[in-house]
Amino acid sequence: MTSVVTAAAGLRICFVIPTYDEAPNIEPLLRHLAHLHPSPETAFLIVDDNSPDGTAGLVRKFSSQEPRVHLLEGERQGLGSAYLRGITYAMDVLGADAVVQMDADFSHDPSDAGRLLERIAVDADVAVGSRYAPGGAVDPHWGRGRRWLSRWGNRGARWIAGLRGIRDCTSGFKAIRTTALKCAGIQDIRAQGYVFQVALLHRLQTTGARIVEESIYFRDRERGQTKLGAKDTLEFLLQICRLGAAQYRNVWKFGLTGSVAAAVNLGSFYYLLELGLNKYLASPIAVEISIILNFLINNHWTFGDRRLAGPRRVRGLKFNFIALLTLALNYAIFVTLSLLFVEASPLLLQACAIAPVAAVNYLVHFHWTFREAGERF
Ligand code: GDD
Ligand code: MN
């Protein structure tokens with residue numbers, strides 16, 4: 001295997017370390033890191049939010065002998081916001097090719113950073129220091145409550161926010177290539193507290209970053225105390241729901257559009273009858289009006305953020321074709337169910353037919369009618 005020094009040598013690395021009241025830890029940590037990473041291309045950025053215990057002063061003092069140490073100060077707005085400011089500064093001002101985010105309290109062993117950097121130098125965009133990958137662990141001193149919170153936080157991130165294939169979604173120890181960060185558009189992340197870790201991974205995963213995990217041992221801090229509070233937990237819950245809902249945004253927009261179209265179908269049918277049209281003619285006209293409206297809303301709103309493939313009229317024809325096919329499919333299922341369950345309520349059978357048909361309808365429109373330019377069917 002390539003050694004850390006040679007593999008990561010070409011990369012300008014910046015450690016981004018947020019601090020709030022880390023006076024007892026910051027100097028030993030910086031000493032340790034500076035010793036382990038002697039390259040002049042490596043920088044250490046401390047993001048301190050006016051810690052009352054004078055952390056910033058200690059950093060300033062240290063940086064007078066070690067010019068690779070930088071200090072970014074600001075108002076306290078939470079861990080996520082500190083990270084966002086720090087990472088942006090590392091990329092834009094310090095010109096980093098890769099950042100390593102880690103805690104200042106020695107919970108993340110400074111000597112593990114090398115392994116993370118090696119992974120992004122060799123085969124990944126993101127290397128997560130993982131407590132839950134095989135070989136990883138948390139300090140036995142961690143209380144039951146903290147373990148429980150961490151375990152369920154991780155499940156929430158996977159099951160609700162939709163992160164896939166990552167065992168430690170809330171880890172605060174990662175090495176990330178800045179190309180992946182730029183691609184992910186991280187400046188839009190609205191996570192103030194600890195949920196930032198999940199929001200960041202979510203962005204990276206949805207924008208196609210290659211994410212790997214390296215097992216770590218997470219030691220409980222010896223000095224100072226955790227800043228994780230109830231507000232963070234509440235924000236965590238809200239944010240993972242928001243991230244999850246965003247994934248299904250197309251689904252609910254499509255559903256809403258369908259409901260509007262159904263109402264318009266009935267409304268125009270009524271209006272056409274009022275105009276004196278024969279009901280056998282009014283019905284298909286009303287259907288066609290609702291199909292066209294349904295198409296236009298989906299085209300401009302539901303899938304409006306896509307670079308859609310092909311001209312609009314072709315999409316319109318496809319949409320119409322699928323709508324009629326859907327009608328036939330719905331009818332076929334309804335008739336089959338009616339023959340199988342003679343006693344059952346027709347309303348129930350119609351409802352049973354609608355559900356799978358709506359799903360098929362959505363999938364076909366998602367992957368075919370409104371597919372993105374360049375995407376294969
Ligand atoms: N600038 C700044 N502003 N730094 C902060 C803030 C803040 O508001 N809040 C916390 N920090 C710093 C701390 O000083 C420390 O260096 C680091 O962020 C982590 O904070 P801790 O309070 O030690 O977090 P923890 O040990 O409870 O949580 C760890 O595990 C979580 C998952 O279980 C961290 O690694 C989290 O990032 C991780 O999500
Ligand atoms: Mn900690």
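The values are calculated or read from the model by the stated rules, or taken from the named source; none is laboratory data. Note that the structure is predicted; figures quoted are calculated from it, not measured. Here the Cβ positions follow ideal geometry from the backbone for every residue, glycine too, while neighbour counts run over all protein chains shown. Each accessible area value is taken on the protein alone, full model and side chains, heavy atoms only, with ligands, DNA and RNA left out. Shrake-Rupley method; radii C 1.70, N 1.55, O 1.52, S 1.80 Å.
Observations
- Taken about its Cα centre, the range 248-369 carries a charge dipole of about 600 debye when Lys and Arg each add +1 at the Cβ and Asp and Glu each add -1 at the Cβ.
- The heavy atoms of residue 152 present about 110 square angstrom of accessible area, all protein chains included, probe 1.4 Å.
- In Å², nearest 10: area of residue 367 left accessible to a 1.4 Å probe: 80 Å²
- Extension gain for residue 278 to residue 321 (0.36 nm times residue separation, less C-alpha to C-alpha distance): 13.0 nm.
- With contacts taken as Cα pairs under 8 Å at a separation of at least 6 residues, the chain carries a relative contact order of 15 percent.
- Shape of the range 248-369, Cα gyration tensor, a/c cut at 1.5: oblate
- When each of 253/318; 174/231; 253/279 is checked by Cα-Cα distance, pairs over 27 Å: 253/279
- Residue order for 202, 300 - accessible surface, 1.4 angstrom probe, largest first: 300, 202
- The range 50-104 and the range 225-277 have Cα centres lying 40 Å from one another.
- Two-site FRET efficiency, residue 39 against residue 300, from Cβ-Cβ distance with R₀ of 51 Å, rounded to 0.05: 0.45
- Rounded, prolate or oblate (a/c below 1.5 giving rounded, otherwise prolate when a/b exceeds b/c) for the chain by Cα gyration tensor: prolate
- Summed residue charge, Cβ within 12 Å of residue 21's Cβ, Lys/Arg positive, Asp/Glu negative: -1
- Of the trypsin sites (Lys or Arg not before Pro) found in the range 95-189, those in coil by DSSP whose Cβ has at most 13 other Cβ atoms within 10 Å are 164.
- Helix runs (DSSP H) in the chain reaching 24 Å along axis by Cα, Kyte-Doolittle at least 1.6: 346-364
- Cα-based shape type of the range 61-124, given that a ≥ b ≥ c are square roots of the gyration tensor eigenvalues and the cut on a/c is 1.5: rounded
- Since only 259, 290, 373 are under comparison, the one whose Cα sits farthest along the positive direction of the charge dipole of the range 233-377, derived from C-beta charges on Lys, Arg, Asp and Glu, is 373.
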